[in-house]
Number of protein chains: 2
Amino acid sequence: MRLLHICLFLTVFHPSFAQQKITGFFQQNAQRQLAFEKQFDSLLSTSNQDEWMKFLTAGPHHIGSAKGKANAAYKATLFRQWGYETELAEYHVLFPTPKFRSLELLGDKPYKARLEEPVMAEDKTSGIKSEQLPTYNAYSADGDVTAELVFVNRGIPADYEELERMGISVKGKIVIAKYGGSWRGIKPKVAAEHGAIGCIIYSDPSDDGYVAGDVYPKGPYRPGQGVQRGSVMDMPVYPGDPTTPGYGSTENAKRLGREEVTTIMKIPVLPISYEDALPLLQSLKGPVVPDGWKGGLPITYHAGPSTSKVRLHLEFNWDIKPLYNVIAKMKGSHFPDQWVIRGNHHDGWNMGAADPISGMVAEMEEARVIGALAKKGFLPKRTLVFCAWDGEEPALLGSTEWVEDHAAELQKKTVAYLNSDGNSRGFLGIGGSHALENFFNEVAADVQDPQTGVSVLERKYAKTLASADRSTKAKILGNRYMKISALGAGSDYSPFFQHLGIPSANIGFGGEGSGGEYHSIYDSHDHFTRFKDPGYHYGTALAKTAGRAMLRLANADVLPFDYNTLTGTITEYLTDLKAMLEQLRSDAEMENKLINDKVYQLAADPQLKFALPKTKLSVPYLEFSPVENAIAVLKKDTEALKKRLSGADQLDAVQLDKLNAILYQAEQKLLYEKGLPRRPWYKHQIYAPGFYTGYGVKTLPGIREGIEEGNWSEAQERIRILASTLADFDSTIKAALAMFN
Amino acid sequence: MRLLHICLFLTVFHPSFAQQKITGFFQQNAQRQLAFEKQFDSLLSTSNQDEWMKFLTAGPHHIGSAKGKANAAYKATLFRQWGYETELAEYHVLFPTPKFRSLELLGDKPYKARLEEPVMAEDKTSGIKSEQLPTYNAYSADGDVTAELVFVNRGIPADYEELERMGISVKGKIVIAKYGGSWRGIKPKVAAEHGAIGCIIYSDPSDDGYVAGDVYPKGPYRPGQGVQRGSVMDMPVYPGDPTTPGYGSTENAKRLGREEVTTIMKIPVLPISYEDALPLLQSLKGPVVPDGWKGGLPITYHAGPSTSKVRLHLEFNWDIKPLYNVIAKMKGSHFPDQWVIRGNHHDGWNMGAADPISGMVAEMEEARVIGALAKKGFLPKRTLVFCAWDGEEPALLGSTEWVEDHAAELQKKTVAYLNSDGNSRGFLGIGGSHALENFFNEVAADVQDPQTGVSVLERKYAKTLASADRSTKAKILGNRYMKISALGAGSDYSPFFQHLGIPSANIGFGGEGSGGEYHSIYDSHDHFTRFKDPGYHYGTALAKTAGRAMLRLANADVLPFDYNTLTGTITEYLTDLKAMLEQLRSDAEMENKLINDKVYQLAADPQLKFALPKTKLSVPYLEFSPVENAIAVLKKDTEALKKRLSGADQLDAVQLDKLNAILYQAEQKLLYEKGLPRRPWYKHQIYAPGFYTGYGVKTLPGIREGIEEGNWSEAQERIRILASTLADFDSTIKAALAMFN
């Protein structure tokens, strides 16, 4: 901490920031803003975060729980105290909870899975059984199935190709998959597509357990009976209440019947610990799995099937439960109808300390300090909205329903949505709209890392460089610019970003607070304060980063959207996609040569059952020119706009107001009204979660997934749609340009 | 097996080979040779191999054992029956065996290591205790040491750099290292160099155990109590009897005292099983090891030190034991003083079925059939020498002492030495002198793979191609030429090749007979016939390959050495070495930039002890031109010779005889009389085992190791020596060329 003090000292006595520029601020306003930010930083407290976390994680606080409702009320009270107009936004959603869970290995070495996480003396809240959610996957089907078991590695489509080569079918079987490699909901979805009748997901110690480090309570990693809960709803189709797709699930909303819902998993699914998985995996016969499939248990991993059968029996309460979002507004002094929204969910799988309370308490501290400054007269120019979402864990329920319920107003008013979720010690990570990439680089350069005293941007650069391979090092040496990642799925930005086209970002620190508490009862105050962010120094770093971003967006003279950077990023995605198509083509050609020359046949061990690879279909050339032409125009126009914006101080207030409205609504033009193929809810044409990856983003998703799945005509059609979308978007840029004529 | 029959059918009725050429045979002789080879193939029997293996593996037959002596006598009797002049060549060598072995973990969770491989009902010979060698490392020091334990990964120099970064010293400690990543003798050598006082080596299941597949007796892999025995003598300095360096250890030879010997390990060393290793590894504290160090046991791997101490107590009998090589000669009809030598060792660590008897019985079958054909009048033109070496396992004792004892005669007479050792189902592997690379490609094209019916060359090509990555596939597609590997250490070719400069090769099949029997009591007839080469079909393939190579070398009109290919290979090694130097230079520059910019400091987790990397010394430019000029001349001359050799049928018998003598002795010119730095026994300037890798070859070893160890002046000096060696070699090529003037 010594370095930290020295640097604060420097900040106070060296007025070196006096000449600092901030993109979007006229020179005279920049200095005021920087002073404001300095005050903001200085008022942030770590002890508040601990106090709130202690309260909020004192019991299970999932959607529908008494504690969850109490937590919402607690936060609402605080926000009101801090000067925010606060409401509890209530929705009513389908949230299944377990009625019966049983998993047994039958046969001559029977085993009944424990399915329970033990109480630990070192973890004070692990013994709280009242309202504790047992280990389960939300939106699994009810079912009682008995069948042989097959190990499917991660359970993604490529794994089933490998199984086919091994001559193993999962039809009529129960599959067991490792967590990881995709969002968990992909595993039962793909299993069901291949005819499996049940799915077990377990945390392998090679990914999440003793291989990484000492297990809880000795160390932070997942103990032998630890289980990752989580949703398996088919959210890549649409998130939110499955019975109210596309509109708010208010108390009396019209609902689909459960049988009409397509996103509830078709087969029973259950998550288990690696100790429960061990006897199941030991029962498997058949070939030894490929090296990449092997885990960290002390066994030989076989693909199966098992000789003994497995019985999986699950029944759920399919109840409609109320959820409570907290929505706290501070009206902007100049532009009350331009909203900068900040959000983090407040529900957890049980105690949920790291996920989500670590981010929640940072957001609360931002709100508290801004409230305190407002009382001193430092009012934000635009309206700030602080949200605490309920029901994120099962299906982004609270955020999605609220967004769907207020879609038109949000599209009209929202400047940007800034999300956080879990937070821990380490390095800054940002994903989001690339129009905000430059903006976040500036913000990150002004936030100090609590452990080293350099900026969080500088530390991120050091980490990226130190971890890079030889050739990458040479490329990035000296380049401190932080590329932000594209957003797939996994937290409450989805409805804002991918459904409404509101510029969004997800912000968090991590990398030095690793652990295995995720979605277990051990994600507790005890665990968090020992391992994730002792002292909440990175909670404060998150508050500085997100808070600073909020304040800059709220007070900017010209909103700092850089569509030229976004255009450059889209260009990179297209280049990448064309290279992928070329690679697919040359791979298919090579593969077919090898198949025709009997190379695989001669190379294979004749004693192993091994189906030879099938001849690949040849990969056609696609016509990319419509998108290329659209990008060329866009590049020219966004370059011109970027230049013009630096002279925006010449515009009058009315013009400026109009320009800002164009700027913050521009990204909405990247939506396509009919959305993506087979999932109209996802309208953004640049970013979407992968249909077969879940969390993992697919950029230019329509075209990319068309190519990946060999659906060439669809890929070609999506090129046309993207070109037309980009042309629409360009007309907005042209409108902004016209403001300068 | 169906394909096999079809193909034999084709061979018999299609005289398509009638026009086949064989390099080194004049056209009229090539057809006779091919007919001879056909007869040879047809007489090979698999049942003989099984009969001999059953006898030879019926009890422990290591050097100094009664069974080993009986086995030598048994083989001598057979060779004599087959028409060979056979002698038992006896030497007397230092061979330590255990008197006392104990390994204990002290402290509050004490553990006494079992150090014994259990008897298994499924393995008939595992219960034979008479003369069974216990689990130990030969040439370990005596010692009784008690100290804390440190885990050193593979125990190679790079691992100690990593330990230094973690702030851990092994000074005064006992180290525990995983087998693999280097020859085992490197581990205690490097440990002792760093101040360790004892060394434990264990087989981690991630390398050698249940991770690969089911363990014995269910499957072929190493069981929980299986132990890899083996030598830890410092053989990269010199192999053979350590008390008679450079000369034969005949009964009354003058010997170094044990205290004068430099190659006996300085500290006590013991190999253990993974079940014995588990409690030791669990006792370790300190940082979690880097990912690359982690093994397959169900624990978190820590670097140590341990809080409890470990006591390692070892005492050995340091006896001089007799060894018995079997040397069987069939005099050549035309050139009795030109010898083609074939060898395989006959001693094993206990039953030694795969290692070495699988190769031994193939060699015996070659000799039997050649003997039978000789009785029918098909006498080889050159003398064939079939050898069965004793004492290979401890230190290549039998071969080295015999070679040292007959060095001058061997250099005068030996055309080539062909070695084999273990053999199993799978793909052909050949390493050796690159002057024989084309020769072995021709041989491999004419041997049929027993499982697929294509040639073993074609199957090797298919395997290489199918296993290659994307970019390599494109490079090798359609190119069926087999690059042979360079020889480091690991079997009886070393004295012939690296000490005397006799063109050598090591031949074997493998890749589909994997297992964990290596140097354990389970390397048995039971294991071999279930898992390694059921039916001995690859024993026969080895006999066809090595036997065919023997017969072609014995009968060639012009010996098929291709020094142009060798020159091309040397050129590749030089290119590779220059690229390595450039890489070292740019890595050092990059590393120093990162250190100066505090990149590692800022990227490191401040909560972990981590010594920052030290600034690297800058890498100088070396003057390679002497070698480059020598290679340029050599390239021109070997190209010219290659062309001239195709017209060698114009030479008369005397000239041809002289030419052949030049050809087979040429590689001896690649020796440098004073050998390599700090190890004069290794005289070959192109190939040597690595001083710090053991098995692993170092090509252009003087220069390469100078560069790797940052000894720039030595590297420069070795460039000069290599250039002068190549010039000497070139004068031989010029002498051969002169034969055509």
Using alpha carbon centers only, segment A:30-80 is separated from segment B:352-420 by a whole-angstrom value of 82 Å
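Over segment A:20-120, what relative contact order in percent results from Cα pairs under 8 Å that are six or more residues apart?
9 percent
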Pseudo-spin-label distance B:K598 to B:T615, built 7 Å along Cα→Cβ, given in nm, is 1.6 nm
Distances in nm between the label point of A:E116 (7 Å along Cα→Cβ) and its equivalents in the other copies, shortest first, are 4.3
Sorting from shortest, the nanometre distances separating the label point of B:V654 (7 Å past Cα along the line to Cβ) from those of the same residue in the other copies are 11.8
To the nearest 0.05, the calculated FRET efficiency linking A:D728 and B:W712 through their beta-carbon distance, R0 being 45 Å, is 0.10
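Go through A:K218/A:K475; B:K69/B:K375; B:K187/B:K309; B:K171/B:K578; B:K21/B:K413; A:K285/A:K593 and tell me which ones have a Cα-Cα distance over 31 Å in this structure. Display every interim value, and only then the final one.
Values: A:K218/A:K475 41 Å; B:K69/B:K375 29 Å; B:K187/B:K309 20 Å; B:K171/B:K578 36 Å; B:K21/B:K413 27 Å; A:K285/A:K593 34 Å.
Over 31 Å Cα-Cα: A:K218/A:K475; B:K171/B:K578; A:K285/A:K593.
For chain A, what number results from the quotient of the Cα radius of gyration and 2.2 N^0.38 Å? Numbers along the way, then the final one.
Working: Rg = 26.2 Å, N = 741, 2.2 N^0.38 = 27.1 Å.
Scaled against compact globular proteins, the figure is 0.97.
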Here the whole-number average of other chain Cβ atoms within 10 Å per Cβ of B:454-463 is 3
So for segment A:563-738, using the alpha carbon gyration tensor with a ≥ b ≥ c as root eigenvalues (a/c under 1.5 gives rounded; past that, a/b versus b/c decides prolate or oblate), I'd call it prolate
Along segment A:64-74, Karplus-curve 3J(HN,Hα) (6.51, -1.76, 1.60; θ = phi - 60°) to the nearest Hz, with x for Gly and Pro, reads x, 8, 5, 5, x, 5, 4, 4, 4, 5, 4
Shape call for segment A:95-319, from the Cα gyration tensor axes a ≥ b ≥ c (a/c under 1.5 means rounded, otherwise prolate when a/b beats b/c, else oblate), comes out oblate
A chain fully extended from A:K578 to A:A158 at 0.36 nm per residue, minus the present Cα-Cα distance, gains in nm 149.0 nm
Computed from the beta carbon distance with a Förster radius of 45 Å, FRET efficiency for A:E259 and A:T307 to the nearest 0.05 stands at 0.80
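Highest first, please rank the peptides B:176-186, A:33-43, A:48-58, A:460-470 by the mean number of other Cβ atoms sitting within 10 Å of their residues. Spell out each step's value before the answer.
Working: B:176-186: 24.0, A:33-43: 16.5, A:48-58: 19.8, A:460-470: 18.0.
Result, highest mean first: B:176-186, A:48-58, A:460-470, A:33-43.
B:D587 to B:A408: extension gain in nm, 0.36 nm per residue of separation minus the Cα-Cα distance? If you can, show how the numbers build up before the last one.
Details: separation 179, 0.36 × 179 = 64.44 nm, distance 4.65 nm.
So the extension gain works out to 59.8 nm.
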In order over segment A:162-171: 3J(HN,Hα) from phi, Karplus 6.51/-1.76/1.60, θ = phi - 60°, whole Hz, x for each Gly or Pro, gives 5, 4, 4, 4, 7, x, 10, 10, 9, 4
The correct pairing of chain A residue and whole-Å distance, for the Cβ nearest the axis that maps A onto B, is A:P298, 2
The summed charge of the A:T545 Cβ neighbourhood (under 10 Å; Lys/Arg +1, Asp/Glu -1) stands at 0
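For n ≥ 4 DSSP H runs only, could you compute -39500 (n - 2.57) per run for chain A, divide by its residues and tell me the 222 nm figure to the nearest 500? Please report the intermediate quantities before stating the final value.
Details: 21 runs with 275 residues, N = 741.
It comes out at -12000 deg cm²/dmol, rounded to the nearest 500.
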Of every Cα-Cα pair in segment A:237-356, the percentage lying beyond 21 Å is 67 percent
Both in Å, the radius of gyration and Dmax of the C-alpha trace of segment B:339-460 are 15.7, 45
At the level of C-alpha centres, the distance separating segment B:575-608 and segment B:275-297, in angstrom, is 28 Å
Taking Cα atoms only, Rg over Rh for segment A:68-157 with Rh from the Kirkwood formula is 1.13
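Rounded, prolate or oblate for segment B:496-641? Axes are the square roots of the Cα gyration tensor eigenvalues, ordered a ≥ b ≥ c, and the cut-off for rounded is a/c under 1.5.
Details: a/c = 4.30, a/b = 1.35, b/c = 3.18.
Here segment B:496-641 falls in the oblate category.
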Taking every alpha carbon pair in the protein assembly as shown and sorting the distances into 20 angstrom bins from 0 up to the bin holding the longest one, the percent per bin comes out as 9, 30, 32, 21, 8, 0
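Find, among the trypsin sites (Lys or Arg not before Pro) in segment A:230-274, those assigned to loop by DSSP (not H, G, I, E, B) with at most 16 other beta-carbon atoms within 10 angstrom. Mind showing how you got there, number by number?
Numbers: sites: A:K254, A:R255, A:R258, A:K266; in loops: A:K254, A:R255, A:K266.
Loop-located and lightly packed - A:K254.
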Among A:T263, A:V211, A:G198, the residue whose Cα sits farthest towards the positive end of the charge dipole of segment A:95-319, when +1 is placed on the Cβ of each Lys and Arg and -1 on the Cβ of each Asp and Glu, is A:G198
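Less than 10 Å Cβ to Cβ from B:G332, Lys/Arg counted +1 and Asp/Glu -1: what total charge do the surrounding residues give?
Working: positive: B:K329, B:K331, B:K381, B:R382; negative: B:D337.
Around B:G332, the surrounding residues sum to +3.
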Sorting from shortest, the nanometre distances separating the label point of A:R311 (7 Å past Cα along the line to Cβ) from those of the same residue in the other copies are 5.4
For chain B the mean separation of alpha carbon contacts under 8 Å (6+ apart) over residue count, i.e. relative contact order in percent, is 17 percent
Under the 7 Å Cα-to-Cβ spin-label approximation, A:K643 and A:A738 lie apart by a distance in nanometres of 2.1 nm
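Values quoted throughout were computed directly from the atomic coordinates according to the rules given, and no laboratory measurement underlies them. Since the model is a prediction, treat every value here as computed from it, not as a measurement. Don't worry about glycine lacking a Cβ; one is built from the backbone with ideal geometry, like all the others, and counts go over all protein chains shown.
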